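The values are calculated or read from the model by the stated rules, or taken from the named source; none is laboratory data. Please read these numbers as outputs of a predicted model, since none were measured by experiment. Neighbour counts run over all protein chains shown; Cβ positions are idealised from the backbone, glycine included. What goes into the accessible areas is simple: the full protein's heavy atoms, side chains included, and nothing from ligands, DNA or RNA. Shrake-Rupley method; radii C 1.70, N 1.55, O 1.52, S 1.80 Å.
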Amino acid sequence: MRLRLSLRAVVMSLGMVAGAAHAASPLRDTQGSGFYRLRLGDDMVTALLDGTHPFKADELFTGIERDKVDAILADNFLSSPVEGSINAFLIDTGSHLILIDTGAGPLYGKDGGYLADNLIAAGYRPEDVDDILITHLHLDHEGGLMRNGIMAFPNATIHIAKADLDFWLNPANAFRVPKLLQPMFAGAKSSLGPYVASGQVKPFEPDQEVVEGIRAIAAPGHTPGHTWFLVSSGKDHLLAWGDTVHVAAVQLAEPQAAIKYDFDSAAAVSARQRAFAEAASKGYWIAAAHISFPGLGHIQRAGQGFTWIPANYTRTP
Ligand SMILES: [Zn+2]
């Protein structure tokens with residue numbers, strides 16, 4: 001009897017402790033997985049999240065009235081700033097690992113720098129990445145080349161359009177871009193410097209196969225050498241379109257909406273219209289750098305514009 005009472009006292013006191021701990025539990029405010037897999041022919045594509053970053057849609061769009069941006073955002077249950085994903089994509093061919101873009105790494109503060117952890121969580125090792133294809137030399141695409149002050153991908157060859165390398169590695173071009181693009185020069189230098197020194201940076205001319213199964217397509221405008229990569233495996237095709245879209249809700253409906261980060265906004269708009277028409281008519285998978293993670297889906301014509309159809313969730317692709 002006494003034993004039973006004391007046991008009960010122990011159970012009760014444990015319950016009180018658990019109750020107290022429960023009440024004091026801090027709010028959990030981060031998501032779980034930062035990788036998502038999609039099968040593409042014989043390849044496995046893994047979307048990797050580097051982070052998310054607030055995008056000031058009300059200030060940064062040009063070629064569209066601010067009221068219209070606000071109205072479209074409201075229709076989509078959004079408001080400015082719109083939190084935008086920073087996505088990169090790993091292509092595993094079975095014998096080769098190719099990474100398209102690297103996220104912001106250390107260059108966006110706490111908003112970025114999670115790509116390497118997510119790559120490891122997905123079962124890969126940064127040192128096993130063979131090739132890295134960079135869509136363009138902005139901070140949120142090349143910053144992840146460095147991690148903790150050293151090369152994050154020590155064995156990779158880095159492929160970048162010659163036009164972007166020539167432009168952003170030459171500080172004499174600084175006068176040709178507005179103030180908000182000035183940090184791109186220092187960013188390109190710090191992220192690429194060690195790889196240039198070790199002979200691991202390989203410039204490419206567009207409209208050719210950069211690595212087996214992946215074709216570089218020139219899409220200048222956002223930057224001088226902005227490039228799309230068309231990944232083909234069997235009958236399947238995926239277009240990694242870099243910064244063709246910053247805010248899907250706005251720019252799919254209104255493709256003429258350019259952003260102040262564009263080097264040449266007229267060229268960027270015409271590249272976007274070309275990407276949309278091509279991807280919609282051919283039914284390509286899209287891998288988008290800034291559409292909500294995982295940034296994998298299709299686009300379809302809708303009225304005067306287009307609409308985004310995200311990949312259907314599959315636990316074991
Ligand atoms: Zn970007």
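Points worth noting:
- Within the stretch 261-291, the set of residues being in a helix (DSSP H, G or I), open to solvent by 60 Å² or more (accessible area, probe 1.4 Å) and closer than 29 Å to Val177 by Cβ comprises Ala266, Ser270, Gln273, Arg274, Glu278.
- Among the residues of the stretch 158-217, those that are open to solvent by less than 30 Å² (accessible area, probe 1.4 Å) and aromatic (Phe, Trp, Tyr) comprise Phe167, Trp168, Phe185, Tyr195, Phe204.
- Of all the criteria given as (1) open to solvent by 10 Å² or more (accessible area, probe 1.4 Å); (2) in contact with a Leu (Cβ under 8 Å, 6 or more places away or on another chain); (3) not in a loop (DSSP other than H, G, I, E, B), the one not satisfied by Pro294 is (3).
- In the stretch 117-141, residue farthest from the ligand (Cβ to nearest atom) [restricted to those that are open to solvent by 10 Å² or more (accessible area, probe 1.4 Å) and in contact with a helix residue (DSSP H, G or I) (Cβ under 7 Å, 6 or more places away or on another chain)]: Pro126
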